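S.K.: One structure follows; several queries about it will come next.
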Amino acid sequence: MSLRTTPVRARVSEFLRRRTLSSADNPTLGGGSPPILKDLKVLVNTSSETNALADITRAARVIKKLFKPFFEIREYPTPLGPVICCQPAGQAAPILMVAHYDTVVPVSRAGGYREEGNKVFGAGISDMKAGIAMAAALAKRYKIEGRAIPFGVIIVPDEEIGSPESAPILRTVARSYRLALILEPVFTTGQYVMSRRGLTKYNIEIIGKTVHTGLSYERADAMLAAAQIIVAVSKRHDPQRYFSTNLVIDPLSLVGKINAVEGRVKLSGEIRTGSETDQQGFFSWLREFISTIRIEGVTLQLVVPEKGQSSPVTVGETAQRYERVLQEVMTGQGIAPDCVPAHERGASDLNRLTNVLPAIDGLGAVGFGAHSTTEWIDRLALAERTKLLWELTNRLSIELSSWSS
Ligand SMILES: [Zn+2]
């Protein structure tokens, strides 16, 4: 069975099995923390939950301090916190490293930086404080070797909610680069991401009539229509195309009101697919289904908001050229390249960069439990992945200077 067709869970457990064996006798695990872990500790311990503006602002200051010795820093304020843009002084760089500093879970819930053998735990450590630390480690190394840094870094504050504020800034900055390397985490050393699912949010507004339950003969029951939609949408779930079919009922004003039939119900949902066709197919099915619901006095409306949406990503030809370089670099380091299929991965800033410039994603840490309170990274793999990113950046900066754009 080829790596490409092995189920993802089998690939990951095989990786972890080998990882335990190799980490057991690895001498680097015993001693003090290398500089990258020191930086990572500071980053992880600075809480930066999306939307927590005071924390986000504090985290932005910490990140600027980390990158200041190597870059000219420009800051773009947004209502969700500043976008931090680092460019090598006085020179054009071809590569843009893309990272985000917001996390789903704050330090108060996931805890701070904590090492346990080969595992390092902490809020947002894989997604993606480790990616930020990796970019800083690379810049540091170029400076030590007295070489020009071939990349800029952009770090956004709102990726976890679809980069609604930073996406236009990201796209504008990206236009002056030729290739993006996105530092999202993966599950094994060989994994990387070329395409991702798109995510479309939608609402269904249902208006009926609020009445006393004792007058049920009068009711135009919005909740009954909502129930029909929830059941029908849940049946559309298809793991091969990875539809997300959970719907949230809003408002929950019914709780405790046992003697009333709610007249207005809003359902919020999202659909995640690996292709534009599946996405459009879902909505034409949903429109059709809604039109078949006939409850007297109840009206239904499907609303798809414009902000916070992302289209599925398909891999362009130019990106494939860079992918081949990545595969060569991996093979050269004894790592088997393993491109993650689109339907296995949710949206990221890769989606936001579609049609702007070619990009490779999943170049950050090897980590588990993203968006949970028990998130951790593989410490040994962090060293391997940083080395890989270093080799890749070196190779690409040479290739890019010989390739015409
Ligand atoms: Zn992320």
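S.K.: Helix 8-24: angle to the longest alpha-carbon principal axis of the chain, degrees 0 to 90, nearest 10?
M.R.: For helix 8-24, the angle is close to 40 degrees.
S.K.: Against the longest alpha carbon principal axis of the chain, how many degrees, from 0 to 90 and to the nearest 10, is the axis of helix 130-144 turned?
M.R.: Helix 130-144 sits roughly 20 degrees off the main axis of the chain.
S.K.: Hey, what number do you get for the chain at 222 nm if only DSSP H runs of n ≥ 4 count, each worth -39500 (n - 2.57), divided across all residues, to the nearest 500? Please list the in-between numbers first.
M.R.: On the way: 11 runs with 144 residues, N = 405.
When only DSSP H runs of four or more count, the value is -11500 deg cm²/dmol.
S.K.: For a quick check: sort W376, W390, W285 by the number of other beta carbons within 10 angstrom, fewest at the front. Show your work: numbers first, answer last.
M.R.: Working: W376 23, W390 16, W285 13.
So the ranking, lowest neighbour count to highest, is W285, W390, W376.
S.K.: I've got another one for you. Just the number: Rg to Rh for the chain, Cα atoms, Kirkwood Rh, two decimals. Let's see the in-between values first.
M.R.: Working: Rg = 23.6 Å, Rh = 22.9 Å.
In the chain, Rg relative to Rh is 1.03.
Each value in this text was obtained by applying a stated rule to the coordinates, not by laboratory testing. Note that the structure is a prediction, hence the values are computed from the model and not measured. Don't worry about glycine lacking a Cβ; one is built from the backbone with ideal geometry, like all the others, and counts go over all protein chains shown.
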